[in-house]
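**Q** Quick one: the structure is below, and I'll ask about it shortly.
Read-outs: derived from the displayed coordinates by stated rules, not from any lab. Please read all numbers here as calculations on a predicted model, not as lab measurements. A quick note on method: Cβ atoms are made from the backbone with ideal geometry, for glycine too, and the neighbour counts reach across all protein chains shown.
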Amino acid sequence: MDAELMVKMVEGACPFAQRSHMRVTRVGAEGYITVILEDSPDNLNAFGLVHAGAICGLAETAGGMAIFSFLDPREFIVLNTVFNIRYRAMPVGELRCTARVVREEVDVLVEEFRINGKADKSLDLKVLDNSGQMVAQAQATYRLMATPDEYRKRFSEMM
């Protein structure tokens, strides 16, 4: 999937990402993607810190889109099935998560899907603040699935 479509999927087609003020700031040829959670009052908890749910959404989105970077959304979707997160520091301000998946990993995932009808990919994800301090560390497992017919048209229109 090209960078323009990845940005469109996160920033234009995902209401959750829009409400959470997420932006894709980097899409690399080698499966890198960086997603930013903007410093917005909409993402704060009662203490003025970035809400844990917003941080989970940021990490989950970055990981899923890294896998998607080598897929056609008209053929496959990627859904998070397991998510574990450890908060390490007080989350303040803009946060970012960079995820990377290389083509060979996705090729293995697709082959496993074709053989078994399902395939899972686990990723380690780190959420950093503007100073580079890690505020959260997560492990997520994503399931590769065939895109249901009712979503193929939507993705075709996006492309």
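**Q** Which net charge results when you count Lys and Arg as +1 and Asp and Glu as -1 among the other residues whose beta-carbon is under 13 Å from that of Met1?
**A** Cβ neighbours under 13 Å give a net charge of -1.
**Q** Compare Met22, Met90, Met134 in a GNM of the chain, Cα atoms joined below 10 Å, and give the one with the largest fluctuation.
**A** The residue with the greatest mean-square fluctuation here is Met90.
**Q** With a/c under 1.5 counting as rounded, go ahead and sort region 1-141 into rounded, prolate or oblate using the C-alpha gyration tensor (a ≥ b ≥ c being the square roots of the eigenvalues; past the cut-off, prolate if a/b is larger than b/c, else oblate).
**A** Prolate shape, in that a/c is at least 1.5 and a/b is the bigger ratio.
**Q** Report the extension gain between Ala146 and Ala29 in nm, rounded to one decimal, defined as 0.36 nm multiplied by the number of residues separating them, less their alpha carbon distance.
**A** Gain on stretching Ala146 to Ala29: 39.7 nm.
**Q** Using modelled backbone amide H atoms (1.01 Å from N, in-plane), which distant-in-sequence or interchain residues come within less than 5 Å of Gly28's amide H?
**A** Ile33
**Q** Once phi is turned into θ = phi - 60°, what whole-Hz ³J(HN,Hα) does the Karplus curve with 6.51, -1.76 and 1.60 give for every residue of region 122-136, x standing for Gly and Pro?
**A** Values, residue by residue: 9, 9, 9, 10, 10, 10, 10, 8, 5, 7, x, 6, 6, 9, 7 Hz.
**Q** What is the distance, in nm, between label points placed 7 Å from the Cα along the Cα-to-Cβ direction at Ser131 and at Ala13?
**A** Label-label distance for Ser131 and Ala13, simple model: 3.9 nm.
**Q** Among Leu44, Ala17, Leu95, which residue has its Cα furthest toward the positive end of the charge dipole of the chain, with +1 on Lys/Arg Cβ and -1 on Asp/Glu Cβ?
**A** Leu44
**Q** If I stretch the segment between Asp42 and Asp72 completely, what's the gain in nm (0.36 nm per residue apart, minus their alpha carbon distance), one decimal? Don't skip to the answer; put the middle values down first.
**A** On the way: separation 30, 0.36 × 30 = 10.80 nm, distance 3.21 nm.
Extra length available between Asp42 and Asp72 comes to 7.6 nm.
**Q** Shifting gears a bit: Pop a pseudo-label 7 angstrom from the Cα along the beta-carbon direction at both Asn84 and Ser122 and give the gap in nm to one decimal.
**A** 0.7
**Q** Another question, if that's okay. Return the single residue from Arg74, Arg100, Arg114 with maximal mean-square fluctuation; model: Gaussian network over the chain, springs between Cα atoms under 10 Å.
**A** Result: Arg114 has the largest fluctuation of those listed.
**Q** With the crude spin-label approximation of a point 7 Å out along Cα→Cβ, what separation in nm comes out for Ala52 versus Ile115?
**A** Using points 7 Å along Cα→Cβ, the separation is 3.9 nm.
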